Amino acid sequence: MSGRVVLADHEISWLRELAGGLTVAQLAERSGYSERAMFRLLRRVYVRMQVRNRTEALLRAREQGLL
């Protein structure tokens with residue numbers, strides 16, 4: 001497992017909202033992005049976190065005390 005990844009406040013907020021049950025479409029609407037753009041932004045977060053998908057990202061964020 002890699003070390004701690006520094007995320008921006010808005011990225012942590014996105015993960016928290018996804019963990020709370022929001023869909024990517026709902027998150028995109030709240031954040032002012034298209035759904036496609038939101039998927040791209042989240043993909044960048046996942047790459048930086050060195051995870052493959054949303055589930056792994058949320059588990060890693062929980063392990064790091066971000067959720």
Efficiency by 1/(1 + (r/R0)^6): what FRET value for Gln64 and Arg43, r their Cβ-Cβ distance, R0 = 22 Å, to the nearest 0.05? 0.70
Taking Cα atoms, how many degrees apart are the long axis of helix 9-19 and the longest axis of the chain, rounded to 10 and kept between 0 and 90? 80
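Per DSSP helix of 4 or more residues, -39500 (n - 2.57); summed, then divided by the residues of the chain. What does that give at 222 nm, rounded to the nearest 500?
Values: 4 runs with 44 residues, N = 67.
Mean residue ellipticity, 222 nm, calculated: -20000 deg cm²/dmol.
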For all pairs of alpha-carbon atoms in the chain, what percent lies in each bin of width 10 Å, listed from the first bin to the last filled one? 22, 60, 17, 1
Helix 35-49 axis, angle to the chain major axis (alpha carbon atoms, nearest 10°): 10
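For the chain, what is the accessible area per residue in Å², given a 1.4 Å probe and the full set of protein chains? Can you show the working numbers first?
Numbers: 4390 Å² over 67 residues.
It amounts to 65 Å² per residue over the chain.
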Leaving ligands, DNA and RNA out of it, report the carbon-plus-sulfur percent of the accessible area of the chain at a 1.4 Å probe. 49
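The values are calculated or read from the model by the stated rules, or taken from the named source; none is laboratory data. Predicted, not measured: the structure shown is a model, and the values here were computed from it. Using ideal geometry, Cβ is built from the backbone for each residue, glycine included, and neighbour counts are taken over all protein chains shown. Just the protein is used for accessible areas: all its heavy atoms, side chains included, with ligands, DNA and RNA removed. Shrake-Rupley method; radii C 1.70, N 1.55, O 1.52, S 1.80 Å.
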